[in-house]
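Structure, as structure tokens:
Computed from the coordinates by the stated procedures, all read-outs in this text should not be read as laboratory data. Small disclaimer: the values here were computed from a predicted structure and weren't measured. Ideal geometry is used to build each Cβ from the backbone, glycine not excepted, and the neighbour counts take in all protein chains shown.
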Amino acid sequence: MDKDFTFFKVNAETKFSFQSCPFILSVITKSQGLYYDNRIRMYSERRLTALYSLAQGQQANPYLKLKVRRDHIIDDALVRNPSDLKKQLFVEFEGEQGVDEGGVSKEFFQLVLEEIFNPDIGMFTYDSDTKLFWFNSSSLENEAQYTLIGIVLGLAIYNNCILDVHFPMVVYRKLMGKKGTYLDLSDSHPVYVLFTAVMCLCCILQVKLWSSGLLEHTGNVEEDMMLTFQISHTDLFGNPVLYDLKDQGDQIPVTEDNRQEFVDLYADYILNTSVERQFKAFKKGFLMVTNESPLKYLFRPEEVELLICGSRKLDFEALEKTTEYDGGYSTDSQIIKDFWETIHSFGEEQKRLFLQFTTGTDRAPVGGLGKLKMIIAKNGSDTDRLPTSHTCFNALLLPEYSSKEKLRERLLKAITYAKGFGML
């Protein structure tokens, strides 16, 4: 893989590279190529910084070091020098000891996401049915905040970190240079339910999507729907907002002949026009990190989502094989045997709750749960205390409960009532 990546980077005409044909590569193979590219860029940044220091006689930092306060996480996260984004990231929390070997950076990402996606801030809307976020077109936040979340997603890819963030697929399509269309509304889009009128009309149009027959409708669109090319929605304060999809849209009825145009314009407004300011800033931040990366060339939108959010396919057998133990536990410990029997007996939703509780996300990294490197550490003898976790290190702190039944009861309570990114 490393030789193939070298051929790809130097554009050797006499050497074939599989990465020049990304459509034949698996996402795991492509992610390895991206990992090599990111590490080479980090090394180049360190070398250039050293040369700059020699030439200017000034000591420059070869790393992107962020010193942040927990109670001012957003203000401190805003990078003052965008050129530093290509450097390897190291995070330090003010007043706390600890060397960032990946865990501190992960906690930093989690805290930034938790703050930005807080409903009270109003930057994003959240749909509890789809469990997806979408840009709030009425948000009063400045563009720097949206740029920051784009930077965070880019840095997560650049520093090989999985984030607990859930966008509809159209976000990744737009990041890769595509435009949102009405077809994207069928992808469990969180704002879909807000537009019931177009939802009904899309149901008519979707005959095209799900069958090979011609578009059919037995009723009269104009009389049944009573729609015009003027739409309405509410702003942040609940006030109605009118928008003409075409000039004098309130005078143009939706008919059998122009219904496709109406849906196209409506979807364009929802997915593109209404959130243009927010998404433009968001994409700007993302490209500040990934603009020189082969990401756009190698990966499809759904694969970019895998890089950022991980996979929904969970193989707990693989996780068991790679899990490490600390504090006196081992694979031969009875509590560990009981633990894995309990985990394997869980249903799909309970397994996802456990993964969320332990790692901060309910998804697996590219390559599966075997790449996760979870740690189970002993946290005292038998007790009524619940298990706890350090999500930044994928660590579960497990007391040595006296019975398998007690272990199951305590573990279920911990993962069911935990909120945010874990107990600790």
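In terms of other Cβ atoms within 10 Å, Cys392, Cys161, Cys21 run from fewest to most in the order Cys21, Cys161, Cys392. Approximating the spin labels as points 7 Å out from Cα along Cα→Cβ, the Arg312-to-Ser402 distance works out to 4.3 nm. How high is the FRET efficiency between Glu115 and Thr383 when r is their beta carbon distance and R₀ equals 35 Å, given to the nearest 0.05? So the FRET efficiency works out to roughly 0.60. The chymotrypsin sites (Phe, Trp or Tyr not before Pro) found in segment 239-298 include none that occupy coil by DSSP while having at most 15 further C-beta atoms within 10 Å. Taking 0.36 nm per residue of separation and subtracting the Cα-Cα distance, full extension of the segment from Asp264 to Ala50 would add 71.7 nm.
Label-to-label distance for Asp235 and Thr29 is 5.3 nm, based on points extended 7 Å past Cα in the beta-carbon direction. Taking 20 Å as the limit for the C-alpha separation, the pairs Lys174/Lys296; Lys67/Lys378; Lys106/Lys371 exceed it in the case of Lys67/Lys378. Sorted largest first, the spans of the alpha carbon positions of segment 316-417 along the three principal axes are 36, 27, 24 Å.
Kindly provide the trypsin sites (Lys or Arg not before Pro) of segment 312-358 that DSSP labels as loop, not H, G, I, E or B, and whose Cβ sees at most 12 other Cβ atoms within 10 Å.
Working: sites: Arg312, Lys313, Lys321, Lys337, Lys351, Arg352; in loops: Arg312, Lys313.
Within segment 312-358, the qualifying trypsin sites (Lys or Arg not before Pro) (loop, at most 12 other Cβ atoms within 10 Å) are Arg312, Lys313.
Put in order of Cβ neighbour count within 10 Å, fewest first, the listed residues His166, His344 become His344, His166.
Distance between the pseudo-spin-label points of Asp326 and Asn61 (7 Å out from Cα toward the beta carbon): 2.6 nm. Phi angles across segment 120-129 convert, under the Karplus curve 6.51 cos²θ - 1.76 cosθ + 1.60 with θ = phi - 60°, into 3J(HN,Hα) values of 5, 6, x, 6, 10, 9, 10, 10, 5, 6 Hz, Gly and Pro given as x. Applied to segment 251-260, the Karplus parametrisation 6.51 cos²θ - 1.76 cosθ + 1.60 on θ = phi - 60° returns per-residue 3J(HN,Hα) values of 9, 10, x, 7, 10, 4, 7, 10, 5, 5 Hz, with x for Gly and Pro. Exposure proxy shown here: for Glu405, Glu115, Glu305, the number of other Cβ atoms within 10 Å sets the order, fewest to most, as Glu405, Glu115, Glu305.
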